[in-house]
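Chemist: Below is a structure I'd like to ask you about.
The values are calculated or read from the model by the stated rules, or taken from the named source; none is laboratory data. Everything numeric in this text was worked out from a predicted model, so none of it was measured. With ideal geometry, Cβ positions are generated from the backbone for all residues, glycine too; neighbour counts draw on all protein chains shown. Quick note on the areas: whole protein, heavy atoms, side chains included, nothing else; ligands and nucleic acids left out. Shrake-Rupley method; radii C 1.70, N 1.55, O 1.52, S 1.80 Å.
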Amino acid sequence: ERMTFHVAAKLPPEAVAAALNKAFAGWRSEGVAPQLANYSSPGIRDERIDTAIDGATQAAILAAMPAPVEGTREATAFALAVRILGGNADSRLNAALREAKGWSYGINASSYGTKGRNDAILYVSTSVQADKADESVEEMKRVIKGLADRPVTEAELQAAQRTILAEFSSSLGSAPDTAMFAMSVASAGFTFKDMEEYVTQLGSISLEEVN
């Protein structure tokens, strides 16, 4: 009763249901279903934790900060800003740490959360030269704070919209890809209908909302 199947195939739903019922009709739970823990929003403190590894030539940096509630228009605008910040090869963080400084091979920024819950977090991650770790952290802070001083441009916004739409298309390129995408969407509390609305909303987000 608590199992969900995601199937992507050119088959009528009733045929899929019949096949699944036949295959799993004899399955019965002999124990008590585990209870999910009560939800609590994540706590993020303004702190830095360093872990030293002798002889390391690279330093892995992972930064986290709160993000808007997933499933809202604010979250869609935020997703575009995040893409401009560190989601593309030509993102601002990549331009600073890779192109200008040469300290990193690449940097990524992305946010994750569950629909309707105040649990979304923005993650920024990269690997840099070990002797440039401190400077890299400060440079990342500068670029992130710089979004307020150097607003997103129309060209950056359009590029971010194209990239996200292209990723959606590639997620539906084959039956296995579609099934994996459906599982990922469902695990975050979304439906395919939500995703259709998200794609439509993506193109209607204005510069004012992103900035």
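Chemist: At 1.4 Å probe size, with the rest of the protein present, what percent of the exposed accessible area of the chain is carbon and sulfur atoms? Don't skip to the answer; put the middle values down first.
Modeler: Details: 7580 of 14020 Å².
Of all accessible area on the chain, carbon and sulfur atoms account for 54 percent.
Chemist: Here is a further query. Between region 7-81 and region 95-170, what's the alpha-carbon centroid distance in Å?
Modeler: Taking the Cα centre of each part, region 7-81 and region 95-170 sit 21 Å apart.
Chemist: Please report how many Lys pairs in the chain have alpha carbons closer than 18 angstrom, counting only residues at least 8 apart along the chain or sitting on separate chains. Show your work: numbers first, answer last.
Modeler: Numbers: K101/K132; K101/K141; K115/K193; K132/K141.
The result is 4.
Chemist: While we're looking at this one, here's another question. Output the relative contact order of region 52-141, whole-number percent, from Cα pairs under 8 angstrom with separation of 6+ residues. Intermediate results must be reported in sequence, preceding the final value.
Modeler: Numbers: 157 pairs, mean separation 34.9, N = 90.
Over region 52-141, the number comes to 39 percent.
Chemist: Ignoring everything except DSSP H segments at least 4 long, calculate the 222 nm mean residue ellipticity for the chain; use -39,500 (n - 2.57) per segment, divide by total residues, nearest 500.
Modeler: Details: 7 runs with 85 residues, N = 211.
Theoretical 222 nm ellipticity from helices: -12500 deg cm²/dmol.
Chemist: Please compute one quarter of the surface area of the Cα convex hull for region 28-172 and express it in square nanometres.
Modeler: Numbers: hull surface 52.9 nm².
Directional mean of the projected Cα hull area for region 28-172 stands at 13.2 nm².
Chemist: Local charge sum around I144 (other residues, Cβ-Cβ under 12 Å, Lys/Arg +1, Asp/Glu -1)?
Modeler: Details: positive: R92, K141, R142, K145, R150; negative: E138, E139, D149.
Spelling it out: positives minus negatives among the neighbours equals +2.
Chemist: Local charge sum around T57 (other residues, Cβ-Cβ under 15 Å, Lys/Arg +1, Asp/Glu -1)?
Modeler: Working: positive: K132; negative: D54, D131.
Neighbourhood net charge equals -1.
Chemist: Something else: Could you give the angle, 0 to 90 degrees to the nearest 10, between helix 13-24's Cα long axis and the longest principal axis of the Cα atoms of the chain?
Modeler: 80 degrees
Chemist: If you build a Gaussian network model of the chain, linking Cα atoms that sit under 10 Å apart, which residue out of I53, I164, I44 swings the most?
Modeler: In the Gaussian network model the winner is I53.
Chemist: Continuing with this model, one more query. Once both axes come from the Cα atoms, what is the angle between helix 73-82 and the longest principal axis of the chain, in degrees from 0 to 90, rounded to 10?
Modeler: 50 degrees
Chemist: If you don't mind, another one. Taking the 0 to 90 degree range and rounding to the nearest ten, how far is the long axis of helix 133-149 tilted relative to the main principal axis of the chain, both from C-alpha atoms?
Modeler: Tilt relative to the chain: about 80 degrees.
Chemist: Here's a follow-up. Might you work out the accessible area of L165 for me, using a 1.4 Å probe with all protein chains in place, and round it to the nearest 10 Å²?
Modeler: Around 70 Å² of this residue is reachable by solvent.
Chemist: May I ask you to give the solvent-accessible area per residue for region 1-110, in square angstrom, as obtained with a 1.4 angstrom probe? Write down the numbers at each step before the final one.
Modeler: Details: 8210 Å² over 110 residues.
Spelled out: the 1.4 Å probe surface of region 1-110, per residue, equals 75 Å².
Chemist: Still on this structure, I have one more. Among D194, D46, D131, which one shows the highest mean-square fluctuation when the chain is modelled as a Gaussian network with alpha-carbon springs under 10 Å?
Modeler: D46
Chemist: Another question, then. Identify which of K193, K22, K145 has the largest mean-square fluctuation in a Gaussian network model of the chain, with springs joining Cα atoms closer than 10 Å.
Modeler: Maximum among the listed residues: K22.
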